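Working notes, beginning with the structure itself.
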Amino acid sequence: MTTSDILPQAKDFSNLYSRETLRRFPSPIKTTMAYFQDPNIVFLGAGMPPAELFPLKSLKVETHKPPFQDFKNLNPEKSSIFCDIQRDIENLEIPMDVPLSRALQYGNSRGQKELLSFLKSHTEIFHTLNYKNWDIITTTGSTQAWDAALRIFCNEGDTILLEEYTYSSSYEAAMSQGINCIPLSMDSKGIIVESLELLLENWDEMYTGIPKPKLLYTIPTGQNPTGITLCDERKPLIYKLAQKHNLIIIEDEPYYFLQMPAYNESGSTNEIDRFSSHAEFINSLAKSFLSLDTDGRVLRMDSVSKTFAPGCRFGWLTGSKPILDVFWDLHEVSIQSTCGFAQSIINGILNRWGQEGYINWLIKIRQEYTLKRNWCLDNLFKYLPMNIIRFASIPTAGMFFTIYIDISKHPLSKKMDTQQIENYFYDKFVQNGVLLTMGSWFKVKNVATLTTGTVSTKANVVDTMKNESNFIMFRGTYAAVDPAKMELGMKILGSVLKQEFGLD
């Protein structure tokens, strides 16, 4: 008997499905695809263009070669792998390639089997699966996966929980569907468990007439926009609250592999991580909600947007097979499938790298982002007037840093409201040649006024539900800015702030 034989089945969450989902049935044409490549069947069942009329015979791709020691200075003979992905199955360069005749055809809305196999093994390396019938399905990225999740679980007028500042597209997708969005208080360690518990235990008093939430959407690692990483100690407590109140947790993790060591602001040199083994790297990563899930109530959204490139429009969902089957039904009448070119190329690269090579790549991009983060913060602390600046958190993952500016010390604080001052500073920064995004663009607006107090946070962390009028928030990124421009940007930012606050 194997370990998987004694694991439980995922629980049934069909009681949370939307009316749209309950009206939808599996595509009958989809059932015929099992016979498409059966040599004993004359397949007359679907309108599929013949592969010999696809206007290409192969795709040739040059990629970096593990272990990526000098990947920025490609020497094709030493640092490259060449992938020759063929149209016809009899000409495949390696057995795990996806032939273009299949990749570019109808009928694979769950994902190409070779790529699914690699991603399932990848998932088992980095996460603990605690129920038997888990699965994955490909998506066109986390934005599409989230939009699909909203359609699958929510009717207009239903309720979801989000971090009080969150990815604006996720918030806007929910708002446009008429869903009630309730913000969750955060501190430097992420969602405040006591505040979440207070909210759920006193829901009827705090949100009279508004349905209890179905979903909890979180970006746990390197949260966008705040840069906060939810600490591991809080995750089991949040999961238990989700069990008690029957919530589905949507774990959106585009920055999971961009985790970094803590930044030392004391002036000493910040080193990048050097791992003696892959096991050491894996053990250094935050624990996922997926690894805590015993019920099948966690849907994890992964993407190659930060590990390959965002234009691939490729990601995957991990969760219980019964729920993912519902996503499959929706895909059949919406996206159909993930791009065949993207799947062929990504699969070809991954299966030539192997799991070990892919881990090497993940370590390399972690190190590169650590260098970018360090240079950004070195210059931030060098040029910005820290007596008027606060942080949500010094980032230990992701692409973003967030600063809070204490506007109570600015001359306009008595003449303008908070939003007007935020707009004023945004314009000032742009006029002087540096652009940051405004915090208000990411703020989840509460649908009702809380009738009880909030849980306080540590004194040195800005709690955006307390003394909010004293601060304005701006988000910056260190992802795609070269060192010289980063230093220039921080010089400009510091100069504008010193001038505005009379600190020269």
- Yes or no: Glu368 charged (D, E, K, R) and free of Cβ contacts under 8 Å to residues at least 40 places away in the same chain? yes
- Note on the structure: Listed by range, strands (runs of 3 or more DSSP E) wholly within the range 300-414 having at least 3 residues that are under 30 Å from Asn270 (Cα atoms) are 389-391, 400-406
- Lys306 being surrounded by fewer than 22 Cβ atoms within 10 Å (Cβ to Cβ) and in contact with an Asp or Glu (Cβ under 7 Å, 6 or more places away or on another chain): no
- Item | Close pairs (6 angstrom Cβ cut-off, 6 or more residues apart or separate chains): at positive phi in the range 9-20, surrounded by 13 or more Cβ atoms within 10 Å (Cβ to Cβ) and in a loop (DSSP other than H, G, I, E, B) anywhere | none
- Message: I'm checking my understanding of the structure. Among residues of the range 315-341 that are modelled with pLDDT under 95 and β-branched (Val, Ile, Thr), which one is surrounded by the fewest Cβ atoms within 10 Å (Cβ to Cβ)?
- Response: Val333
- Task: Output the number of the condition that Glu52 fails; it satisfies all remaining conditions of (1) part of a helix (DSSP H, G or I); (2) surrounded by fewer than 10 Cβ atoms within 10 Å (Cβ to Cβ); (3) touching a residue at least 40 places away in the same chain (Cβ under 8 Å).
- Result: (3)
- Mind checking which residues of the range 481-504 are exposed (fewer than 15 other Cβ atoms within 10 Å of the Cβ), over 35 Å from the mean Cα position of the chain (by Cα) and on the phi < 0 side of the Ramachandran plot? Gln499, Leu503, Asp504
- Query: Within the range 145-159, can one find any residue that is closer than 29 Å to Ala286 by Cα and over 22 Å from the mean Cα position of the chain (by Cα)?
  - Reply: no
- strands (runs of 3 or more DSSP E) contained in the range 148-236 and holding at least 3 residues among the hydrophobic types (A, V, I, L, M, F, W, C): 159-163, 180-184
- Do we have Ser344 as buried (at least 21 other Cβ atoms within 10 Å of the Cβ), small (Gly, Ala, Ser) and more than 27 Å from Arg24 (Cα to Cα) here? yes
- Query: What number of residues within the range 240-264 satisfy the criterion of being of a type in the set (D, E, K, R) and surrounded by 14 or more Cβ atoms within 10 Å (Cβ to Cβ)?
  - Reply: 3
- Working only within the range 377-398, note down all residues that are in contact with a helix residue (DSSP H, G or I) (Cβ under 7 Å, 6 or more places away or on another chain), crowded, with 21+ Cβ neighbours inside 10 Å and under 17 Å from Gly439 (Cα atoms). Pro395
- Within the range 215-239, tally of residues that are of a type in the set (Lys, Arg) and either crowded, with 19+ Cβ neighbours inside 10 Å or touching a Pro at 6+ places or on another chain (Cβ under 6 Å) (or both): 1
- Message: Testing Lys30 on (1) out of contact with any strand residue (DSSP E or B) (no Cβ under 9 Å at 6 or more places or on another chain); (2) touching a residue at least 40 places away in the same chain (Cβ under 8 Å); (3) part of a loop (DSSP other than H, G, I, E, B); (4) not hydrophobic (A, V, I, L, M, F, W, C), one condition comes back false. Which one is that?
- Response: (3)
- Query: Do we have any residue at all in the range 72-83 that's of a type outside the set (Val, Ile, Thr), crowded, with 18+ Cβ neighbours inside 10 Å and in a strand (DSSP E or B)?
  - Reply: yes
- Query: What number of residues in the range 164-214 are under 22 Å from Arg475 (Cα atoms), surrounded by fewer than 18 Cβ atoms within 10 Å (Cβ to Cβ) and in contact (Cβ under 8 Å) with a residue 60 or more places away in the chain?
  - Reply: 1
- Item | Which listed residue is modelled with pLDDT of 95 or more and under 22 Å from the mean Cα position of the chain (by Cα), from Ile363, Ile405, Ile421 | Ile363
- Message: Return the residues of the range 20-29 that are at pLDDT 95 or above and surrounded by 10 or more Cβ atoms within 10 Å (Cβ to Cβ); say none if nothing qualifies.
- Response: Glu20, Thr21, Leu22
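The values are calculated or read from the model by the stated rules, or taken from the named source; none is laboratory data. What you are looking at is a predicted structure, and each value in this text was computed from that prediction instead of being measured. A quick note on method: Cβ atoms are made from the backbone with ideal geometry, for glycine too, and the neighbour counts reach across all protein chains shown.
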